[in-house]
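The structure appears right after this line, and notes come after that.
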Amino acid sequence: MKKLSLSLITLAAMSAPTFAADYIIDSKGAHAAINFKIQHLGYSWLTGRFNTFDGNFSYDADNPQASSITVNIDPASIDSNHAERDKHLRNEDFLHVTKFDKARFVSTKVTDVEEDGDFHLHGDLTLHGVTKPVVIDVEKIGEGEDPWGGYRVGFAGETKIALKDYGIDYDLGPASTHVLLELHIEGVRQ
Amino acid sequence: MNDKARSWGWTTITIHWLSAIAVVGLFGLGWWMVDLTYYSDWYKTAPHIHKSVGILLAALTLFRLFWRATRPRPEASGSQLEQRLSMLAHTVIYLLLILLFTSGYLISTADGRGIEIFNWFTLPGFGSLIENQEDIAGTVHEWLAYVLIGLALLHALAALKHHFIDKDKTLIRMLKP
């Protein structure tokens, strides 16, 4: 009986009319990361991340086109595991965080949805006071109930930006003109 | 080699002029190196020298304060007001030096890394004591450096005033005992 009712609930949940659910990015539990990497002299990758950000999104597996997301990033929270470098990255040569203290990504549309749930997420990225459209390659990782009574869905995304597009023109060499952003987002359904 | 009460001793004189050269050199180097481009030959060397000399000057200054406190001092000249102002200026100079060493140390050790002194030894770091330590310490370091150079200039002008206007021994006794 217990087993039956459980499967009934599952069935009900599966056949329920689809509507986009709202999620909050689990930055509190750090099941999300905004990582970046940039070539160092063309000889290796330098990696780092932004430690402080939050955001929310709406997503429905049956209708991914309707998805949208907003992420607010504190550019001063940049962390490349080297205090002197981070200090430099925060100053006028790079992010100039005292003047541009907010970075943000706001999605505009979803395209190229594939069978496995991957899609292209279009949106506007604001960084260093400049807002430019970017397209993020999104891979859906998975979704389902968590062990603590909640429901989660998670994605990985990647995009590449040119530093000079965002008004950052400090010369790091010809191999280091672009930054790869690697995003890992897990949302908890509200 | 002890300082005589009539003048300063060789130890004090040597330390004074070494410190003067180091302070002016560190200021110039620091001012120049923060704008170096990434591909400059000096990009890594200049900060390395700046930090190494800075830490060595810190050690010399600690010894200097000990030396100053334990030796007799030649009598100050000038009016009581001048003497008070001079005492204040010197105290502030020493205070600024100590704060500059501390803030500089706090920039480079904010992530727990030590400071390598001329590939000779490494001064260990204590890590982060306050949030955004490298940024706050950096701003403090920069502004205190401007104040110190301003005071050093005033100090030099005062010495020249003693020499050329008052025509007393204030400058001479810092040149020879």
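Do the conditions hold for B:Gly112, that is, is it surrounded by 15 or more Cβ atoms within 10 Å (Cβ to Cβ), within 14 Å of chain A (Cβ to nearest Cβ) and either under 21 Å from A:Ala83 (Cβ atoms) or without any contact (Cβ under 8 Å) to a residue 24 or more places away in the chain (or both)? The answer is no for B:Gly112.
Note on the range B:115-128: residues that are exposed (fewer than 15 other Cβ atoms within 10 Å of the Cβ), under 20 Å from the mean Cα position of the chain (by Cα) and within 13 Å of chain A (Cβ to nearest Cβ) amount to 0. Taken together, A:Glu114, A:Glu158, A:Glu139 contain a single residue that is modelled with pLDDT under 95 and not aliphatic (A, V, I, L, M), which is A:Glu114.
Here's the yes/no breakdown for (1) part of a loop (DSSP other than H, G, I, E, B); (2) in contact with a Phe, Trp or Tyr (Cβ under 7 Å, 6 or more places away or on another chain); (3) within 14 Å of chain A (Cβ to nearest Cβ):
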residue: B:Leu85; (1), (2), (3): no, no, no
residue: B:Ile93; (1), (2), (3): no, no, no
residue: B:Ile98; (1), (2), (3): no, no, no
residue: B:Ile130; (1), (2), (3): yes, no, yes
residue: B:Ala145; (1), (2), (3): no, yes, no
residue: B:His162; (1), (2), (3): no, no, no
residue: B:Asp168; (1), (2), (3): yes, no, no
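Does the range A:55-77 hold any residues that are within 23 Å of A:Leu121 (Cβ to Cβ) and within 11 Å of chain B (Cβ to nearest Cβ), and which are they? Scanning the range A:55-77 gives a single hit, A:Ser77. Can you run down the residue pairs with Cβ atoms below 6 Å, 6 or more apart or on separate chains, where the first is in the range A:128-150 and at positive phi and part of a loop (DSSP other than H, G, I, E, B) and the partner is of a type in the set (Val, Ile, Thr) and surrounded by 12 or more Cβ atoms within 10 Å (Cβ to Cβ)? Short answer, once both residue conditions are applied: A:His128/A:Ile168.
Put simply, of B:Leu29, B:Leu36 the only residue that is in contact with a helix residue (DSSP H, G or I) (Cβ under 6 Å, 6 or more places away or on another chain), surrounded by 12 or more Cβ atoms within 10 Å (Cβ to Cβ) and in a loop (DSSP other than H, G, I, E, B) is B:Leu36.
Looking only at the range B:43-83, which residues are touching a helix residue (DSSP H, G or I) at 6+ places or on another chain (Cβ under 7 Å), among the hydrophobic types (A, V, I, L, M, F, W, C) and modelled with pLDDT of 90 or more? Those that are touching a helix residue (DSSP H, G or I) at 6+ places or on another chain (Cβ under 7 Å), among the hydrophobic types (A, V, I, L, M, F, W, C) and modelled with pLDDT of 90 or more: B:Ala46, B:Ile49, B:Val53, B:Leu57, B:Ala58, B:Leu60, B:Leu65, B:Trp67. Residues considered: A:Gly157, A:Gly142. Of these, the only one that is touching a strand residue (DSSP E or B) at 6+ places or on another chain (Cβ under 8 Å) and either within 14 Å of chain B (Cβ to nearest Cβ) or buried (at least 17 other Cβ atoms within 10 Å of the Cβ) (or both) is A:Gly157. Just one of the listed residues (B:Leu148, B:Leu153) is under 19 Å from B:Trp17 (Cα atoms) and exposed (fewer than 12 other Cβ atoms within 10 Å of the Cβ), and it is B:Leu153.
Within the range A:10-53, the residues that satisfy the criterion of being surrounded by 10 or more Cβ atoms within 10 Å (Cβ to Cβ), modelled with pLDDT under 95 and of a type in the set (A, V, I, L, M, F, W, C) are A:Leu11, A:Ala13, A:Phe19, A:Ala20, A:Ala21. Taking the stated definitions as given, is A:Tyr166 buried (at least 19 other Cβ atoms within 10 Å of the Cβ), more than 14 Å from every other protein chain (Cβ to nearest Cβ) and over 15 Å from the mean Cα position of the chain (by Cα)? So A:Tyr166 fits the description; yes. When the range A:99-114 is limited to residues that are of a type in the set (A, V, I, L, M) and not in a loop (DSSP other than H, G, I, E, B), the one that is nearest to A:Gln65 (Cα to Cα) turns out to be A:Val110.
Candidates are the residues of the range A:171-186 that are surrounded by 15 or more Cβ atoms within 10 Å (Cβ to Cβ) and within 14 Å of chain B (Cβ to nearest Cβ); the one that is nearest to B:Leu36 (Cα to Cα) is A:Leu172.
The values are calculated or read from the model by the stated rules, or taken from the named source; none is laboratory data. Because the structure is a prediction, the values reported are computed rather than measured. Every residue, glycine as well, gets a Cβ built from its backbone with ideal geometry; the counts of neighbours run over all protein chains shown.
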